[in-house]
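This report refers to the structure that appears directly beneath it.
What follows is calculated from the coordinates using simple rules that are stated; it is not laboratory data. Keep in mind that this is a model prediction, so the values were computed, not measured. Cβ coordinates were reconstructed from backbone atoms using ideal geometry, including for glycine residues, and neighbour counts include every protein chain displayed.
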Amino acid sequence: MSAAKIRVFLVDDHPVVREGVKHLVNHQADMEVIGEAADGVAACAEVARLLPDLVIMDMSMPQLNGARATAAIRKSCPQVKVIALTVNEDKVFLRELLEAGVMGYVVKRSAAEDLIRAIRIVHGGNMYLDPAITSVVAGKPEPREFLEHTRLTAREKEVLILIAQGYLHKEIADRLQIGTKTVETHKLRACEKLDLRGRAAIVRYVKDMGWLAEDSRQMPPPGTYEPPPVCGEDPS
């Protein structure tokens, strides 16, 4: 009697990528693709219905990004393991995905056999990190230590979001009722933790983490914000 195959579910918003991965997986004697989805919302519903052994999850998707979809799947179906398949190779994304519950991290430029090896390793209950990003956690034996080292405070996160939205340090300081130098300090500490260099990197990080969508503050367009008058001050 042959051993049961590893049941794999694919999540990627690009049909060509899904077809390529499906072809690769189905040509392995010990695994098969049992379903697929093009976005995080559909993935959560289908995974709950099919209960695969393992999910191969893209990170940048419409409606619900890969990190949030992973967290939702791990909460509702803790027995289902998740491998992140992404173009990103830095600790900005690794931190978020480890926290969401992924057990494997494979970059899309890696060889096909790397993904197959990751599937077998993760299915066996072990963590797999692509060789391209293992240097990110070098010297940190436990992922949790890495997460604690890079975890942002609520204020640091808030400052990064506002910077990504295009606000100047003075506008952010007025909005949060803190000093401009304090804003700069929060930005510096956050960038050091996440290894972000420049505003473009901040914008990319905030967008990929889905923080712009979750931010509920209603600020006027950048450059037009006027701070409220000090109590007792004539607003005119």
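Structure data summary
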{"read-out": "Net charge of neighbours whose Cβ lies under 13 Å from the Cβ of Ala45, counting Lys and Arg as +1 and Asp and Glu as -1", "value": "-2"}
{"read-out": "Ala112 paired with Lys75, simple spin-label distance in nm, labels 7 Å along Cα-to-beta-carbon", "value": "3.8"}
{"read-out": "Cross-link pairs beyond the 30 Å C-alpha cut-off, checked among Lys5/Lys207; Lys75/Lys187; Lys22/Lys157; Lys81/Lys187; Lys5/Lys108", "value": "Lys5/Lys207; Lys75/Lys187; Lys22/Lys157; Lys81/Lys187"}
